[in-house]
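Everything on this sheet refers to the single structure shown next.
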Amino acid sequence: MGILEDKANARLFYKYLSKVYDRINPAIWNEEMRNDALEWFAIREDDRVLDVGCGTGFATEGLLQYTDNVYGLDQSRHQMEKAFAKFGARNRVRFHRGDAERLPFADDSFDKVWSSGSIEYWPNPVDALAEFRRVVKPGGRVLVVGPDYPENPVFQRLADAIMLFYGETEAQRMFEAAGFVDIEHHIQQNKPGTPKAITTIARAPADKAAGRAVETADNADASPDADADASPDADADASPDADADASPDADAEADA
């Protein structure tokens with residue numbers, strides 16, 4: 001596990017990165033790449049969309065071009081403060097502070113779930129993807145953008161020490177383990193010589209109970225007592241319209 005896959009380290013990292021994030025991010029994930037991903041995602045005007053790891057709101061801004069029903073979630077209050085400055089804390093976007101691995105929303109709350117530049121910091125990415133499947137409606141689609149695994153052995157060792165980098169084979173494994181179907185991958189790059197991104201789009205089964213059965217079978221050897229408080233049914237009554245946790249100062253230490 002890379003150093004930034006620890007949630008406390010990631011929060012500290014973004015406390016400082018948030019000051020310059022919007023200036024350096026386009027070198028890796030720019031507007032053209034974002035817009036290509038948005039076209040692949042095929043958002044409808046009436047879709048309710050969740051942006052997990054919304055950060056300063058770069059992807060959120062793109063989502064708002066397609067639908068006015070956008071929710072943003074992030075664990076970094078410093079990143080969210082930048083997003084609040086763009087959209088307001090309770091105006092165009094409904095913001096929540098929380099953890100990708102324990103989403104504070106009821107089952108089947110969203111038509112689509114988007115996440116760009118966040119998966120690389122998740123200690124347990126399959127758990128987070130299973131949460132995506134839980135909160136998206138049956139047949140709903142999810143899109144996740146992460147860093148493609150480098151080809152150079154030196155960069156591979158560096159990448160492994162920092163955070164999660166992965167290729168198409170690993171992406172396929174993670175999404176299948178989380179119970180998704182119709183999985184497709186796109187490799188994106190700003191320009192030659194810059195880091196590549198892997199964008200994965202997948203669909204929750206129309207029969208989501210079948211997807212849960214797949215995940216249960218894959219984790220049959222897991223202890224039944226492990227992470228008892230991380231049940232997908234926790235917070236099941238949490239409406240996506242409840243914005244009580246939108247303050248960047250709320251539950252400042254509750255994300256770990």
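Key figures
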| read-out | value |
| --- | --- |
| Test set (1) assigned to a helix (DSSP H, G or I); (2) at pLDDT below 85; (3) closer than 29 Å to E31 by Cβ - R157 fails condition number | (3) |
| Criterion (at pLDDT 90 or above, outside any strand (DSSP E or B) and over 29 Å from K196 (Cα atoms)) met by exactly one of A83, A128, A89, A106 | A106 |
| Any hit, region 4-20, residues being modelled with pLDDT of 95 or more, of a type in the set (V, I, T), outside any helix (DSSP H, G or I) and open to solvent by less than 60 Å² (accessible area, probe 1.4 Å) | no |
| Any pair with Cβ under 7 angstrom, 6 or more apart, that starts in region 174-193 at a residue that is closer than 14 Å to D148 by Cα and open to solvent by less than 80 Å² (accessible area, probe 1.4 Å) and ends at one that is of a type outside the set (S, T, Y) and assigned to a strand (DSSP E or B) | H185/I198; I187/D148; I187/K196; I187/I198; Q188/K196; Q188/A197; Q189/K196 |
| Residue that is farthest from R34 (Cα to Cα), among those in region 194-211 that are surrounded by 15 or more Cβ atoms within 10 Å (Cβ to Cβ) and either out of contact with any strand residue (DSSP E or B) (no Cβ under 8 Å at 6 or more places or on another chain) or among the hydrophobic types (A, V, I, L, M, F, W, C) (or both) | A204 |
| Looking only at region 82-128, and only at residues there that are among the polar types (S, T, N, Q) and out of contact with any Pro (no Cβ under 9 Å at 6 or more places or on another chain), the one that is surrounded by the fewest Cβ atoms within 10 Å (Cβ to Cβ) | N91 |
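The values are calculated or read from the model by the stated rules, or taken from the named source; none is laboratory data. Treat the numbers as computed from the prediction; the structure is a model and nothing was measured. Ideal geometry is used to build each Cβ from the backbone, glycine not excepted, and the neighbour counts take in all protein chains shown. What goes into the accessible areas is simple: the full protein's heavy atoms, side chains included, and nothing from ligands, DNA or RNA. Shrake-Rupley method; radii C 1.70, N 1.55, O 1.52, S 1.80 Å.
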